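Peer 1: One structure is given below, represented as structure tokens, and several questions about it will come after.
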Amino acid sequence: MNKLITGMLLASSFLASAAEPEFTSKQLQQVEQLRQSASNSDLSYQLLESLTTEVGPRLPGTENDKKAVAWAQAKFKELGFDKVWLEEATFPEWRRFSENGKILTPSEQPLHLTALGHSVSTPKEGITGEVVLFETLDELIAAPKNSLKGKIAYINYRMNRHIDGNGYGPAVRARSTGSVEAAKKGATGYMMRSVSTAHHRFAHTGGSHYKDGVTKIPNVTIANPDADQIARLIALDKKVTVNINVQTEDRGQGRGYNVIGQFNGTQNPEQYVLIGGHLDSWDLGTGALDDGAGVALTMAAAKHISEIKRPKRSVRVVLFAAEELGLWGAKAYFKQHAKELNNIVAAAESDFGADVVYGFESNVSAESLPVVRAIAKELSALNVEYIAKNGARGGPDLIPLRNTEGAAIFDLHQDGTDYFDYHHTADDTLDKVDPEKLKQNTAAYAVFAFMAADAKTTIKPKPVKK
Ligand SMILES: [Zn+2]
């Protein structure tokens, strides 16, 4: 062979390998098969129905929480996962026993309220006081010292409705630390409008925190129609007094488990795609949207993948413990795996209800964008749009993973327009889940996880910021 031809052959083989696609046509056929099987299966709905019916609410540390752990272990095994195991997590355990309230003046009427997580109890007869209204947390923070002595501080902030739930963060500020700010001004109780977009008369619970050195005062939210009523009365210049009665218990350190199931990869089993949700839920509903759906659809997605083939890398489903009380399962998981975070090639958590996935976004190094685009192309058949901002933040349980060696994080953005109508209420129940939409979610997670696990090149995160 003369030199010229050898050179041409070398050049063409170099060109061919440079332009070689991330996925072969055979792999793309498998993706198509997977998309079809996941889109036509009601496995995720069956799992969700089983969890929310046979276990129900799953407040961390309760008997139901333990039942949920046993449920998840049994289901992983039943579905044929190669490895199923538990990892311990501890958290501050808390219980709600009873709660009720009423407006006393100017005219007696019931108040639909709920205690926020970790709220202390009132005395047996409750607390009674005049309501002082603030529109925002900042207004409360600006109130003069001791100005709320013997009063009940009330924040009337209303969260806005948006497809991506962007009203939640600003509203949650008042939930997290409102009672601390109120107590600093001398208030005997703290009350706020629910972090909610709903019109129903359920109050929305959620996480809240006390601060060492600041008096712990009872900490409640009220339903939107009740919040409107109080705002109208105050606008009429009426003196509004209320009675709040919540009975709860701080039980010290509790113990729970992350439940993990894995299908092993065929070439690099130590590397894995992490998908999952959180297994715990608030106690008021049955945790169907938050986060039974995320649990069920990621378990089902992995199962559907295994029925097509085992990808090169492992697919791991992590069901995190005690998310609602402060991401305790996630903190434990990423601490336990701190030395091997670079084994995580891609991570996505489903924790935003069960409406359709409309957008796909990555957070990866520039060199991995071709793989991301190849995955996005396959997701478009499920009406999922590629969001090319490369700024995904992941679900709440992936917060500890951000800015680490394992932080190739993905968002499968779900339509959250209605999510905060039900979130953290007694109304978070199975009937709110549309089985067809859950299938679309399952298929999207299956396609994403399969392709990330079976890609030619390993997905890399952005360099860690020092
Ligand atoms: Zn959640």
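Matching residues to (1) within 30 Å of ALA455 (Cβ to Cβ); (2) among the β-branched types (Val, Ile, Thr); (3) out of contact with any strand residue (DSSP E or B) (no Cβ under 7 Å at 6 or more places or on another chain):
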residue: ALA376; (1), (2), (3): yes, no, no
residue: VAL384; (1), (2), (3): yes, yes, no
residue: LYS389; (1), (2), (3): yes, no, no
residue: ALA392; (1), (2), (3): yes, no, no
residue: ILE399; (1), (2), (3): yes, yes, yes
residue: GLY406; (1), (2), (3): yes, no, no
residue: ASP411; (1), (2), (3): yes, no, no
residue: ASP418; (1), (2), (3): no, no, yes
residue: HIS424; (1), (2), (3): no, no, yes
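Peer 1: Then there's this: If I ask for residues that are hydroxyl-bearing (Ser, Thr, Tyr) and over 30 Å from VAL69 (Cβ atoms), which ones from the stretch 211-264 would you list?
Peer 2: Of everything in the stretch 211-264, those that are hydroxyl-bearing (Ser, Thr, Tyr) and over 30 Å from VAL69 (Cβ atoms) turn out to be THR215, THR241.
Peer 1: Let me ask something else. Listed residues GLY276, GLY261; which is within 14 Å of the ligand (Cβ to nearest atom) and either part of a strand (DSSP E or B) or surrounded by fewer than 24 Cβ atoms within 10 Å (Cβ to Cβ) (or both)?
Peer 2: GLY276
Peer 1: While we're here: Kindly evaluate TRP94 against the criterion of being assigned to a strand (DSSP E or B) and either touching a His at 6+ places or on another chain (Cβ under 7 Å) or aliphatic (A, V, I, L, M) (or both).
Peer 2: yes
Peer 1: Of the residues TYR210, TYR257, TYR272, which is aromatic (Phe, Trp, Tyr), within 27 Å of VAL357 (Cβ to Cβ) and under 23 Å from the mean Cα position of the chain (by Cα)?
Peer 2: The match here is TYR272.
Peer 1: Also: Say we look at the stretch 296-337 and pick out the residues that are closer than 30 Å to GLN30 by Cα and assigned to a loop (DSSP other than H, G, I, E, B); which of these is nearest to the ligand (Cβ to nearest atom)?
Peer 2: PRO311
Peer 1: Quick check on my filter: what residues within the stretch 279-289 are more than 13 Å from the ligand (Cβ to nearest atom) and farther than 20 Å from THR114 by Cβ?
Peer 2: If the condition is that a residue be more than 13 Å from the ligand (Cβ to nearest atom) and farther than 20 Å from THR114 by Cβ, then no residue fits.
Peer 1: For the stretch 66-97, which residues satisfy the criterion of being farther than 25 Å from PRO269 by Cβ and in contact with a Ser or Thr (Cβ under 9 Å, 6 or more places away or on another chain)?
Peer 2: Matches in the stretch 66-97: ALA68, TRP71, GLU93, TRP94, ARG95, ARG96, PHE97.
Peer 1: Quick one: would you say THR298 is under 22 Å from HIS200 (Cα atoms), of a type in the set (S, T, N, Q) and assigned by TED's automatic domain parsing to the domain that holds GLY61?
Peer 2: no
Peer 1: Run ARG255 past the list (1) outside the structural domain of LEU51 (by TED's automatic domain parsing); (2) within 12 Å of the ligand (Cβ to nearest atom) and report the number of the one that doesn't hold.
Peer 2: Tallying (1) outside the structural domain of LEU51 (by TED's automatic domain parsing); (2) within 12 Å of the ligand (Cβ to nearest atom), ARG255 fails exactly one: (2).
Peer 1: What single numbered condition from (1) in the same structural domain as PRO370 (by TED's automatic domain parsing); (2) of a type in the set (Phe, Trp, Tyr); (3) in contact with a Lys or Arg (Cβ under 9 Å, 6 or more places away or on another chain) fails to hold for PHE91?
Peer 2: It is condition (1) that PHE91 fails.
Peer 1: Okay, next question. Quick one: which residue in ALA293, ALA348 is in a strand (DSSP E or B) and under 11 Å from the mean Cα position of the chain (by Cα)?
Peer 2: Of the residues listed, the single one that is in a strand (DSSP E or B) and under 11 Å from the mean Cα position of the chain (by Cα) is ALA348.
The values are calculated or read from the model by the stated rules, or taken from the named source; none is laboratory data. Treat the numbers as computed from the prediction; the structure is a model and nothing was measured. FYI the Cβ positions are ideal-geometry reconstructions off the backbone, even for glycines, and counts take in every protein chain you see.
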